[in-house]
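S.K.: This structure is in structure tokens; I'll ask about it shortly.
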Amino acid sequence: MKISNSAAIIVTFNPTATLKINVHSLLQQVEYVIVIDNSNNQTTAPVLETICSCDGVILIKNGANLGLAQALNQGLVWARLLNCIWVYTFDQDSFAFGQFCQLLLETFLTKRKELGNIIIASPTYINLDSGLTYNLEKDVNGLMETTMTSGNLIDLNLAINLGGFREDFFIDYIDVEFNLRARHYGYKIIEVKEAVLEHNLGNSKRVRFLYKNSVLVTNHSASRRYYNARNRVRTYIEYFPKFPNWVYKDLVNFIREVVKLCIYEDEVKSKLSALIKGIYDGLTAKMGQNTRIKL
């Protein structure tokens, strides 16, 4: 049974045919699937148009990469035009099967009666390659500090009232900044353990460390390193007064990621150069899309 007044927003960038799996699965769960395409490769257009030809699917082709935040905000606007109350946000490489959306909504409504002011219900994330669960940070009350974009159930009106997603971030840390902004205004983020999202974290892989243990290496591109570092630094500056403990923990994680980059990843020089440039631009508030950084 489909959830009334609901839409799933999927942001795509040069997607493959596997997108069809999630679109068709979500069509069984929500009223509308809104696909916002940021592709800069026209060879993917026929595949995308075929996948999105079903009733209930709305395809918005931007013709260029306008950034994740702007695409998500387009999805929010379309969902409001369709008189939706609930939106589910997805990456193109995530898969939500069964009663995923219903589980999120049921828990959202139950917990809202208990806790009030809930804005996001987040799933449990399973890495498609490793089968491992992502452990996201929680506060002392068991509420989530931040979560990923994909698989979230969001109260549409609250999201719009908060101003949507920050488009000057372009990509990366958009979810984190939105989460912290929501928490700053008193809203809560909950985790729904029963709702499991199969998620692919880019080109991540696990590598051997000290002979027996393994560590997760993300293998992000130099451009992704730039935006991650820039937006991370900007988030630290803006939210340190409100969430100093979160900033400290995330900074430690940032340093660990840089160390892993230097030890395990390829193209270290170009990635570190982009990362340092990102830190500088974050400190100087040089935001928006950097046209010198190719995705």
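S.K.: When residues of the range 149-179 are filtered for being farther than 18 Å from Tyr239 by Cα and within 15 Å of the chain's Cα centre (by Cα), how many remain?
M.R.: So the count comes out to 9.
S.K.: Taking the condition of being modelled with pLDDT under 90, of a type outside the set (Gly, Ala, Ser) and in contact with a strand residue (DSSP E or B) (Cβ under 9 Å, 6 or more places away or on another chain), how many residues in the range 44-63 meet it?
M.R.: Total meeting the criteria: 6.
S.K.: So Gly164 passes all but one of these: (1) of a type outside the set (Ser, Thr, Tyr); (2) buried (at least 19 other Cβ atoms within 10 Å of the Cβ); (3) within 30 Å of Arg292 (Cα to Cα). Which condition number does it fail?
M.R.: (2)
S.K.: May I pose another question? Pick out, from the range 2-69, the strands (runs of 3 or more DSSP E) lying fully within it that include 2 or more residues that are in the same structural domain as Asp175 (by TED's automatic domain parsing) and closer than 18 Å to Gly98 by Cα.
M.R.: Per the criteria, 3-12, 30-37.
S.K.: Right, Lys269: surrounded by fewer than 13 Cβ atoms within 10 Å (Cβ to Cβ) and either out of contact with any Pro (no Cβ under 7 Å at 6 or more places or on another chain) or modelled with pLDDT of 95 or more (or both) or not?
M.R.: Working: surrounded by fewer than 13 Cβ atoms within 10 Å (Cβ to Cβ): yes; either out of contact with any Pro (no Cβ under 7 Å at 6 or more places or on another chain) or modelled with pLDDT of 95 or more (or both): yes.
So Lys269 passes the test.
S.K.: Please verify whether the range 113-120 includes one or more residues that are among the basic types (Lys, Arg) and free of Cβ contacts under 8 Å to residues at least 40 places away in the same chain.
M.R.: Within the range 113-120, one or more residues are among the basic types (Lys, Arg) and free of Cβ contacts under 8 Å to residues at least 40 places away in the same chain.
S.K.: Then there's this: Out of all the residues in the range 270-295, which are over 22 Å from the mean Cα position of the chain (by Cα) and under 13 Å from His220 (Cα atoms)?
M.R.: Hits for the range 270-295 are Ser270, Leu272.
S.K.: Restricting the search to the range 154-201, which residues are touching a Ser or Thr at 6+ places or on another chain (Cβ under 9 Å) and without any contact (Cβ under 8 Å) to a residue 24 or more places away in the chain?
M.R.: Phe178 - this is the single residue of the range 154-201 that is touching a Ser or Thr at 6+ places or on another chain (Cβ under 9 Å) and without any contact (Cβ under 8 Å) to a residue 24 or more places away in the chain.
S.K.: In the range 29-45, what count of residues is obtained for those that are of a type in the set (S, T, N, Q) and under 18 Å from Glu167 (Cα atoms)?
M.R.: Result for the range 29-45: 2.
S.K.: Given the options Ser223, Ser204, name the one that is modelled with pLDDT under 95, hydroxyl-bearing (Ser, Thr, Tyr), surrounded by 14 or more Cβ atoms within 10 Å (Cβ to Cβ) and under 30 Å from Leu26 (Cα atoms).
M.R.: Only one candidate qualifies: Ser204.
S.K.: Now for a separate question. Across the range 70-98, what is the total count of residues that are assigned to a helix (DSSP H, G or I), over 19 Å from Thr12 (Cα atoms) and polar (S, T, N, Q)? Break it down stepwise before answering.
M.R.: Of all residues in the range 70-98, those assigned to a helix (DSSP H, G or I) come to 70-81.
With over 19 Å from Thr12 (Cα atoms) added as a condition, the list becomes 80-81.
If we keep only those that are polar (S, T, N, Q) as well, we get none.
Number of matching residues: 0.
S.K.: Restricting attention to the range 110-119, does a residue exist that is touching a Lys or Arg at 6+ places or on another chain (Cβ under 6 Å) and on the phi > 0 side of the Ramachandran plot?
M.R.: The answer is yes; a qualifying residue exists.
The values are calculated or read from the model by the stated rules, or taken from the named source; none is laboratory data. Keep in mind it's a predicted model, so treat the numbers as computed, not measured. Backbone-built Cβ (ideal geometry, glycine too); neighbour counts: all protein chains shown.
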